[in-house]
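To start, the structure itself, in structure tokens.
The values are calculated or read from the model by the stated rules, or taken from the named source; none is laboratory data. Computed from a predicted model, the values in this text were never measured in an experiment. Note: ideal-geometry Cβ built from the backbone for every residue, glycine included; neighbour counts use all protein chains shown.
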Amino acid sequence: MNKTWVLIKREFFSRVKTKGFLIGTLALPVFVFVIMGVQIAMQSLGTKEKKNLALIDLTGRIAPSFIAYMDSSYQDARKTPLYTFTNVQAAPESLSTLKSRLSRQVQDEEINGLIILPAEIFESGQFELHAKNISNMEFNANLERALSRVVSDLRLAQSGIDQVLVRKLTRGVDLKTFKVSEAGTKEESGMIAFGISYVMMFILYMALLFYGQFVMRGVYEDKSTRVMEVVLSSARADQIMAGKIVGIGGAGLLQFLIWALVIALVSSYGMVMMTLFAPGAGQLPIPAISLSVYFFFFLYFILGYFIYATLYATLGSMVNDEADAQSLQWPVTFLIILGFLFMFFVLNNPNSTMAVLLSLIPFFSPLLMFLRISVGAAPWWQVLMSVVLMILTIIGLIWVTGRIFRVGILMYGKKPNLPEVLKWIRYS
Amino acid sequence: MATAVAISGICKSFDAVHAVENLSLQIHKGEIFGLLGPNGAGKTTTIRMLLGILMPDSGSIEILGRANAREIPNQVGFLPEERGLFKRMTVLDILTFFAELKGLSHKAALPLADQWLERLELKEWRDKKIEELSKGMQQKVQFITTILHRPQLVFLDEPFSGLDPVNTNLIKDVMLELVKEGSTIVLSTHMMEQAEKLCDALCLINRGQSVLQGPLAEVKSRFGKNRCRLSYDGEARFLQDPKLVSRCDDYGQYVEIQPADEIRPQAILARALNEVTVRSFDITEPSLNEIFITVVKGSGTTGGDHE
């Protein structure tokens, strides 16, 4: 049997057959679902929390319309208002004693908060909230929204301007996004499209980083346990390198396929659930991930993996332990992170010359060209060009790194410096 | 006798260090060949070149009729001095993996693996992970990986280190059996007693150069069968007589005397009886251990100008 195949098989199965792999593969989806579940639970619980509030209106004019607005705008599932207000009358001279009394009630949790609308609110545009928890962003925003509305209405009324007309004239505009593609024009949410591209690219980024480091660790572990030497007496260095890279890559790919399957199952199940329980949500324009994006996702993962895995394998061959590996690996890790950092620029200007150039650099292509493809900004010739460039890079890298690898795996002791490594390339 | 390995004039240096200098040797088929030498003498580098892991800078190697062991990796077995196995694999997986790497099919490897586990008393550890095994057991497993595929040429680097006498015997028996069946074994060791018992021929390397080589019997006879051990009271001035004594080591309880050329031990005894009170006198052949120390010290101090 072919030796490379025997080596690949060992790398693959020695990883896939472990409990760690099983746990790692299942842990991620479980983790994601737990986080999502907790978030949903928090949200539905958090908004239903009722609050009992004291209100001191020193203007004497705002309270009724403010309370009415709050009551009608924020209600729980049974249509009862979320916030109950006690409108406390206060003369300016007794304000401080009143304030301290109510503050104590807040302290004792008899009430959830104290809202003070100062007399000069129309000029200063400020009001006060005294509460134990002042960082409930949603509640704060609700208060602000309601008061802004009520206060500006009163201001308008005071100046004798027709409120209805003003409201009509100052109505805001909403953005509706349409994605133009070969399949035609379709209404899609820009935010969701961005989210999907972002998530897929983030997965690519993590995968390149993690699997690359697995390869590196695999090489230096075999080296430091000296098993490398025995294998080397039976197989060539390039076969060992190929075994590592392909075997670990295969395990990674398997993990990806499992996750993709889980995502597909859950999202179709989720869609069914959504149309059953929230019929309105079905009309939300969620962009479907097209098969071609999936295809490019795997293509760029595989090509990118080969680029970075060869680099990481070489790093692994040069060191003996984790500490040396950490200190040597930063240039490669930096390349991956750099590609990730360019993401926002490319996402905002996917067709700029800079974005095109960046996405054609083979070390960045796996992230950036994929990103441009996923937002539909990459013409076919650029895609082709990036693929060709990446393949050429892989061939070149294998040539150079193979030489370093061959020498490196027999070197023990201190980690080599750059001139030494250059010498390995020349002499081997 | 057919030649299994022939090295002529190989050199290998790393930067300024000459690891191996102009080394030549011949290993015959079916013999146990001792590659001996102190630490850092160049044994590992030599074995690596023989295995084709390293390429010599100059000189030529012929191994089982080929220029490079790389062409016939499946006929070669290698047990490195620094042991290492994949820690998280089971014993059986390790054995079949290395067997497959040596060209055997998984199916063919399985019964062989069981056979060897039985033979080396590791049967009940078959499905345990390597990391659960003791050092000695790991070493036996690694020994099996070296010979499972019935290699024609086996390189064993310190195969007995860390093994108890029982296991040492187990391994030794397997080695003798392999040789009987026509395999050739290159044994690299510091344990001169083992080498003395097992080796048919040997090469002593120091500072990358061969300082002594040949069949064991010949090497020993080269150092003479006429070592005299003398235990005495009195002042033995005759020991300084170069016409009589070519070399003398004082061990406290006795002195070991190498007579000068053409001088028979009897002549030394006669002089000793004349000058001192002799307590005991006997004639022995030098042990390999002694030869090793003598040669290494000698080549060390003289800068290794031996042939």
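Below, the figures for the structure above:
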{"read-out": "Failed item in (1) more than 7 Å from every other protein chain (Cβ to nearest Cβ); (2) surrounded by fewer than 23 Cβ atoms within 10 Å (Cβ to Cβ); (3) aliphatic (A, V, I, L, M), with B:MET89 passing the rest", "value": "(1)"}
{"read-out": "Pair list, Cβ under 6 Å, 6 or more apart: segment B:68-85 residue within 7 Å of chain A (Cβ to nearest Cβ) and closer than 29 Å to B:LEU133 by Cβ, other residue at pLDDT 90 or above and part of a loop (DSSP other than H, G, I, E, B)", "value": "B:VAL76/B:PRO151"}
{"read-out": "Check on B:ARG247, over 31 Å from the mean Cα position of the chain (by Cα), under 11 Å from B:ARG227 (Cα atoms) and either surrounded by fewer than 18 Cβ atoms within 10 Å (Cβ to Cβ) or without any contact (Cβ under 8 Å) to a residue 24 or more places away in the chain (or both)", "value": "no"}
{"read-out": "Selection from segment B:173-199 of residues that are surrounded by fewer than 17 Cβ atoms within 10 Å (Cβ to Cβ) and either β-branched (Val, Ile, Thr) or at pLDDT 90 or above (or both)", "value": "B:ASP173, B:LEU176, B:GLU177, B:LYS180, B:GLU181, B:GLY182"}
{"read-out": "Selected residue [within 24 Å of A:ASN2 (Cβ to Cβ), more than 9 Å from chain A (Cβ to nearest Cβ) and touching a Phe, Trp or Tyr at 6+ places or on another chain (Cβ under 7 Å)] from B:ILE147, B:ILE94", "value": "B:ILE94"}
{"read-out": "Any hit, segment B:51-62, residues being more than 8 Å from chain A (Cβ to nearest Cβ), crowded, with 18+ Cβ neighbours inside 10 Å and closer than 21 Å to B:MET175 by Cα", "value": "no"}
{"read-out": "Tally, over segment B:47-61, of residues that are under 20 Å from the mean Cα position of the chain (by Cα) and among the charged types (D, E, K, R)", "value": "1"}
{"read-out": "Some residue of segment A:340-356 being β-branched (Val, Ile, Thr), buried (at least 17 other Cβ atoms within 10 Å of the Cβ) and at pLDDT 90 or above", "value": "yes"}
{"read-out": "Filter result for A:VAL166 (farther than 24 Å from A:ARG61 by Cα and assigned to a helix (DSSP H, G or I))", "value": "no"}
{"read-out": "Where A:LEU55 falls short, out of the listed (1) more than 25 Å from A:ARG145 (Cβ to Cβ); (2) among the aliphatic types (A, V, I, L, M); (3) not in a helix (DSSP H, G or I)", "value": "(1)"}
{"read-out": "Wholly enclosed strands (runs of 3 or more DSSP E) of segment A:83-162 bearing at least 2 residues in contact (Cβ under 8 Å) with a residue 40 or more places away in the chain and under 22 Å from A:ASP71 (Cβ atoms)", "value": "A:113-117"}
{"read-out": "Qualifying residue in segment A:201-211 (condition: within 30 Å of B:ARG83 (Cβ to Cβ) and either at pLDDT 85 or above or in a helix (DSSP H, G or I) (or both))", "value": "yes"}
{"read-out": "Of all residues in segment A:98-139 being among the polar types (S, T, N, Q), more than 17 Å from A:ALA63 (Cα to Cα) and modelled with pLDDT of 85 or more, the one that is nearest to the chain's Cα centre (by Cα)", "value": "A:ASN112"}
{"read-out": "Any helices (runs of 4 or more DSSP H) falling wholly within segment B:93-198 and containing at least 2 residues that are touching a strand residue (DSSP E or B) at 6+ places or on another chain (Cβ under 8 Å) and either β-branched (Val, Ile, Thr) or outside the structural domain of B:HIS28 (by TED's automatic domain parsing) (or both)", "value": "B:135-147"}
{"read-out": "Any chance B:CYS203 is within 17 Å of B:PHE281 (Cβ to Cβ), in contact (Cβ under 8 Å) with a residue 40 or more places away in the chain and either buried (at least 21 other Cβ atoms within 10 Å of the Cβ) or within 14 Å of the chain's Cα centre (by Cα) (or both)", "value": "no"}
{"read-out": "Hey, A:ASP76 in contact with a Pro (Cβ under 8 Å, 6 or more places away or on another chain) and within 15 Å of A:ASN142 (Cα to Cα) or not", "value": "no"}
{"read-out": "Residue satisfying all of: in segment B:97-119; surrounded by fewer than 20 Cβ atoms within 10 Å (Cβ to Cβ) and facing another protein chain (nearest Cβ under 9 Å); nearest to B:ALA6 (Cα to Cα) among these", "value": "B:GLY103"}
{"read-out": "Spans of helices (runs of 4 or more DSSP H) in segment B:208-307 with at least 1 residues basic (Lys, Arg) and farther than 30 Å from B:ILE47 by Cα", "value": "B:265-275"}
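Residue-by-condition table, conditions (1) touching a helix residue (DSSP H, G or I) at 6+ places or on another chain (Cβ under 7 Å); (2) at pLDDT 90 or above; (3) of a type in the set (A, V, I, L, M, F, W, C); (4) surrounded by fewer than 19 Cβ atoms within 10 Å (Cβ to Cβ):
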| position | (1), (2), (3), (4) |
| --- | --- |
| B:THR45 | no, no, no, no |
| B:ARG48 | no, no, no, no |
| B:ASN68 | no, no, no, yes |
| B:ILE72 | no, no, yes, yes |
| B:LEU85 | yes, no, yes, no |
| B:LEU95 | yes, yes, yes, no |
